[in-house]
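For reference, the structure is listed below as structure tokens.
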Amino acid sequence: MNKLVCVLLMSMICFVTFISGCNAGNKMENEITNSENVGKKLNLYGRNVYNNEESADEFINVMSGFEVRFAGTFLTAEIKSAPKKQNGTADAPKFTMWSVFVDGAKDPFERSISVRNKEWETFTIVSDLPNGEHTVKVFKTDDPLISSCYVRNYKTDGKFLEAPKKPELKIECFGDSITSGGDNIPLAEGETYLGMDPKRCNGGATYMAYAAYELNAELNVFAQIGIPLTGSAGVANVYSRVSPQRGAKWQINKFIPDIVVIGLGTNDRRIDSSMNAYVDTCKNFINTLSTEYGDFAKKIQYIMVHGFMDDGTATIGDKIQTVVNDLEMEGFKICRLQFPEASIKGSNGKLDHADQAPYWNGHPLWNEHKSASELLIAKIRSLG
């Protein structure tokens, strides 16, 4: 009798162990925890950091985000927003916006989610997809001055697959509010300007983002509303941070680009109309970048862009051309690209929103960004 009991007990233990193993296997297949899966089942994009206190990846910069591939019908993740101090009125919204791209989509407005909660919540990123294999990319689209955002614990109803191979073409971009999507979504009729509204500052609908979609490029953006190149808080001094708003150091040679796009000068001209410090600062900045990129630096193509907010003067273009001429003589692969000046008109045909100055400030709208991206795409393709 005792022998029979022992056999039954051993059988039960084996059965429980088997079931536990199956459940553990299923959990591993349909869940992703950040720390153990980056580069395996989870791709991360942009400059970001792992926050040990939150046990989550922290996304700060425009166009930073994540990518997964799975067999199933939905994708969820735990997400919470960390709003930042903002310019504008006291009523300025404070939350995080994401654009969601499913199975190769390129439209930043097709799917989006807004994260307003400051505590952990499970968000449905996509749902009701046809049962099968899907690739989902999710990019943060609001400026670092608006928010940062934490993400962890991804789940699907099927199983996660090996993460897609990242694009071969790599682009790093340094810029200001134009590059981060400042005020690129027009106000609706009767709408009041409230400052840096994440619904109206869409970094996923800029000249640089649209170019990256079309070129299938991995994009690394370091940009912020109001930031110049020069000065103690300028990009030339803070470029080695994770973001202008995050003091943690970023390892520059962790991401070696094929192309570096620099869209800086508008705020320098507002600070100093003569831009006296711009040329030397810019040349030193590019030389320093080149040193930190290491052995691959001589192959990198630099493109300096401007034009949207030149205010009808030649100052910015002239200074940039001087930088290009001088660095070409030093052996750099560098060129200048001028975009058309922004029209400062809303999509509803309203005039220049001058009644809302200085908050509108002539930023290009999303459709002007998209047109400019075609110029940038053509320039990049012409360079081989």
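The values are calculated or read from the model by the stated rules, or taken from the named source; none is laboratory data. Note that the structure is a prediction, hence the values are computed from the model and not measured. Neighbour counts are summed over all protein chains in view; Cβ atoms, including those assigned to glycine, are modelled from backbone coordinates with ideal geometry.
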Return only the number of the condition from (1) part of a helix (DSSP H, G or I); (2) touching a residue at least 24 places away in the same chain (Cβ under 8 Å); (3) surrounded by fewer than 16 Cβ atoms within 10 Å (Cβ to Cβ) that ASP311 does not satisfy. (1)
Is there any pair with a first residue in the stretch 97-109 that is closer than 13 Å to GLY65 by Cα and touching a residue at least 12 places away in the same chain (Cβ under 8 Å) and a second that is outside any loop (DSSP other than H, G, I, E, B) and of a type outside the set (Val, Ile, Thr) whose Cβ atoms are under 6 Å apart and which are 6 or more apart or on different chains, and what are they? MET97/SER114; TRP98/LYS140; SER99/SER112; SER99/PHE139; PHE101/LYS137
How many residues, within the stretch 289-306, are out of contact with any helix residue (DSSP H, G or I) (no Cβ under 6 Å at 6 or more places or on another chain) and either touching a residue at least 60 places away in the same chain (Cβ under 8 Å) or of a type in the set (D, E, K, R) (or both)? 6
Sort out which residues of the stretch 314-332 are crowded, with 19+ Cβ neighbours inside 10 Å and not in a helix (DSSP H, G or I), and write them in order of number. PHE332
Kindly indicate whether any position in the stretch 268-278 is modelled with pLDDT of 95 or more, surrounded by 22 or more Cβ atoms within 10 Å (Cβ to Cβ) and in the same structural domain as LYS333 (by TED's automatic domain parsing). yes
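So is CYS335 within 24 Å of HIS369 (Cβ to Cβ) and in a helix (DSSP H, G or I) or not?
Criteria not met by CYS335.
This table checks each residue for (1) farther than 19 Å from ASN30 by Cα; (2) part of a strand (DSSP E or B).
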{"site": "MET63", "(1), (2)": "yes, no"}
{"site": "THR76", "(1), (2)": "no, yes"}
{"site": "ALA82", "(1), (2)": "yes, yes"}
{"site": "VAL100", "(1), (2)": "yes, yes"}
{"site": "SER114", "(1), (2)": "yes, yes"}
{"site": "THR122", "(1), (2)": "no, yes"}
{"site": "LEU129", "(1), (2)": "no, no"}
Checking ASN284, ASN361 in turn, the sole residue that is surrounded by fewer than 19 Cβ atoms within 10 Å (Cβ to Cβ) and at pLDDT below 95 turns out to be ASN361
Collect the residues in the stretch 246-279 that are more than 18 Å from the chain's Cα centre (by Cα), under 26 Å from ILE377 (Cβ atoms) and not hydroxyl-bearing (Ser, Thr, Tyr), keeping them in residue-number order. GLY265, ASN267
